[in-house]
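This report refers to the structure that appears directly beneath it.
The values are calculated or read from the model by the stated rules, or taken from the named source; none is laboratory data. Worth saying up front: this structure is predicted, and the values here are computed from it rather than measured. Quick reminder, even Gly has a Cβ in these numbers, built from the backbone with ideal geometry, and neighbours come from all protein chains shown. Areas reflect the complete protein model, heavy atoms only, side chains present, ligands, DNA and RNA absent. Shrake-Rupley method; radii C 1.70, N 1.55, O 1.52, S 1.80 Å.
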Amino acid sequence: MNDITAAIAGLKELDETVTRLGHVAALLEWDQETYLPEKAIEERSNQVAMIMGLHHEKVVDPSWESLFVELGYDGGGGPDGVDEIDNAFLRESYKRWKKKAKVPKRLVEEMARVTSISQAAWASARKADDFTAFAPHLRKVLDLEKEYALIVNPDADPYDTLLDEYEPGAKGDEIADLFDGLAAGLDDLLRKIQSGNRPPSSFLEKPYSVAKQNEFGKIVQQYMGYDTHRGRLDLSTHPFTTTLGPDDVRVTTRYDENLVLSGLFSNIHEAGHGLYEQGVGRSLRGTILADGTSLGIHESQSRFWENVVGRSRPFWNKWYPEFSRLFAENLETVDVGTFYRAVNQVRPSLIRVEADEVTYSFHIIIRFRLERALLAGDLTVEDLPEAWRESYRDLLGITPSNDADGCLQDVHWSVGLIGYFPTYALGNLYAAQFTRAMENELGPLGDLVADDRIGKVLGWLRKNIHSHGRVYLPGELCRRVTGAELDPGYFLDYLNAKYSEVYQPS
Ligand code: ZN
């Protein structure tokens with residue numbers, strides 16, 4: 001073993017411990033969200049804090065620095081002769097070590113303390129519809145996030161530094177341009193849709209048995225290729241996907257008797273995330289590279305299955321006979337075309353998580369513009385509610401009558417997730433662009449679904465996206481897979497084609 005190989009092996013050994021501690025913490029947190037008895041919460045918080053403390057110690061262990069020095073590695077290109085995967089390993093582990101080692105413990109603790117208070121303040125402010133009660137907390141969070149960003153990278157725009165945590169390499173200015181194009185295209189489409197016929201959908205408002213929803217959800221997850229021998233499905237208040245080890249990728253969902261689509265699509269959505277994690281290549285197992293390369297790419301996988309496949313006509317042609325048999329009491333007189341159109345109804349609404357495929361991105365564009373202005377100091381926290389109302393009026397043509405349904409609706413800002421929202425919309429854009437690349441190779445997706453060749457779809461995703469984990473940064477992955485930079489045109493083309501059929505002009 002030469003010096004370079006020995007140093008990289010030393011780094012990998014450190015990383016293995018970090019990864020394993022992360023999985024242990026994830027298991028404790030998964031249990032907390034699913035089965036933990038309510039009185040056990042305090043002890044559980046202490047357990048998680050202890051493991052995360054050990055995790056942090058390992059991440060900033062002095063051996064990282066000495067091994068990087070030994071390699072002469074400073075975040076640029078790796079030493080000669082190092083392969084692509086080891087290069088990516090050095091890039092990612094160096095980035096993590098540098099960031100964690102740079103940020104003073106005082107600030108880490110302060111951020112944890114302030115965001116936990118702020119989240120509680122947000123929850124009660126939302127309940128009471130009282131933005132002024134939340135405002136001082138939001139100010140503190142923004143100040144701390146900015147301080148953090150300037151410590152991590154004093155030369156960069158703080159927003160870009162925060163964005164980089166979730167979408168490595170992305171820049172606020174580039175996203176602003178992408179979103180301007182997206183907003184203009186969506187605006188045209190929404191006008192066309194609003195002048196078309198609204199599909200009937202009252203049959204969706206009836207009660208649907210939760211047990212049968214669960215039965216159908218499991219069948220669909222299996223159809224997608226989600227491996228229940230390397231994962232499982234449970235219930236939680238907020239659906240999520242978590243990785244507890246290379247062969248343990250779990251998903252959760254929730255069911256509501258009165259919201260049948262919400263449960264079904266959250267099943268499909270989370271299984272889409274789960275497939276990404278289950279598909280990471282064997283050579284990356286148990287390392288920092290065994291993860292999605294960004295939240296935007298992760299979201300592209302969940303939304304591909306949820307929207308591009310799960311809300312498509314060929315999918316329902318295949319599954320509606322079974323679905324309508326399970327829920328015959330509600331669907332006996334509803335044909336598949338009517339059901340498909342109801343699943344895809346478009347209606348501007350105030351609440352992001354309830355938005356349809358067409359209007360969803362507007363909710364994100366609004367949050368992106370506002371959080372950027374807040375962080376830059378171009379918008380004061382005091383003026384946020386009014387700016388929110390104005391944005392909704394401009395982009396969606398509706399205005400919330402209270403802040404609970406306005407700027408208080410999401411938890412993200414209260415816990416310091418600034419720069420996180422854009423990844424949701426980027427996921428839609430990536431999904432559409434990847435779909436085009438897939439179709440260029442395999443033929444129309446609708447034919448693959450109709451001909452029961454869904455395994456080919458997963459195979460393509462595995463080969464082109466999942467197997468690479470974090471080896472490629474999102475921008476590079478997009479170029480490799482599609483031959484082009486991220487472009488909202490693919491998403492707009494997809495929506496225009498689909499919705500001109502769903503909403504025929506009146
Ligand atoms: Zn998701």
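With respect to being open to solvent by less than 60 Å² (accessible area, probe 1.4 Å) and either among the polar types (S, T, N, Q) or free of Cβ contacts under 8 Å to residues at least 40 places away in the same chain (or both), residue 194 falls outside the description. Against the test of being outside any helix (DSSP H, G or I), out of contact with any helix residue (DSSP H, G or I) (no Cβ under 8 Å at 6 or more places or on another chain) and either open to solvent by 60 Å² or more (accessible area, probe 1.4 Å) or without any contact (Cβ under 8 Å) to a residue 40 or more places away in the chain (or both), the options 80, 143 yield a single qualifying residue, 80. Here residue 201 qualifies as at pLDDT below 95, among the small types (Gly, Ala, Ser) and either open to solvent by less than 20 Å² (accessible area, probe 1.4 Å) or touching a Gly at 6+ places or on another chain (Cβ under 8 Å) (or both).
For residue 308, state whether it is within 15 Å of the ligand (Cβ to nearest atom), under 19 Å from residue 342 (Cα atoms) and either crowded, with 21+ Cβ neighbours inside 10 Å or not hydrophobic (A, V, I, L, M, F, W, C) (or both).
The answer is yes for residue 308.
Taking the stated definitions as given, is residue 302 away from the ligand (no atom under 12 Å from the Cβ), closer than 21 Å to residue 344 by Cα, open to solvent by less than 40 Å² (accessible area, probe 1.4 Å) and among the hydroxyl-bearing types (Ser, Thr, Tyr)? No: the conditions fail for residue 302.
Quick check: is even one residue across region 350-363 closer than 27 Å to residue 158 by Cβ and hydrophobic (A, V, I, L, M, F, W, C)? Yes: region 350-363 contains one or more residues that are closer than 27 Å to residue 158 by Cβ and hydrophobic (A, V, I, L, M, F, W, C).
Taken over region 1-39, the criterion of being among the small types (Gly, Ala, Ser) and touching a residue at least 12 places away in the same chain (Cβ under 8 Å) is satisfied by 7, 10, 22, 25, 26. For region 62-72, the count of residues that are part of a helix (DSSP H, G or I), among the hydroxyl-bearing types (Ser, Thr, Tyr) and open to solvent by 30 Å² or more (accessible area, probe 1.4 Å) is at least one.
The residues of region 208-242 that are surrounded by fewer than 18 Cβ atoms within 10 Å (Cβ to Cβ), free of Cβ contacts under 8 Å to residues at least 60 places away in the same chain and of a type outside the set (A, V, I, L, M), listed by number, are 214, 218, 222, 227, 228, 229, 230, 232. Scanning region 243-275 for residues that are within 12 Å of the ligand (Cβ to nearest atom) and open to solvent by 10 Å² or more (accessible area, probe 1.4 Å) gives 266, 269, 270, 273.
Those helices (runs of 4 or more DSSP H) of region 408-491 that lie entirely within it include none in which at least 3 residues are open to solvent by 10 Å² or more (accessible area, probe 1.4 Å), among the hydroxyl-bearing types (Ser, Thr, Tyr) and not assigned by TED's automatic domain parsing to the domain that holds residue 287.
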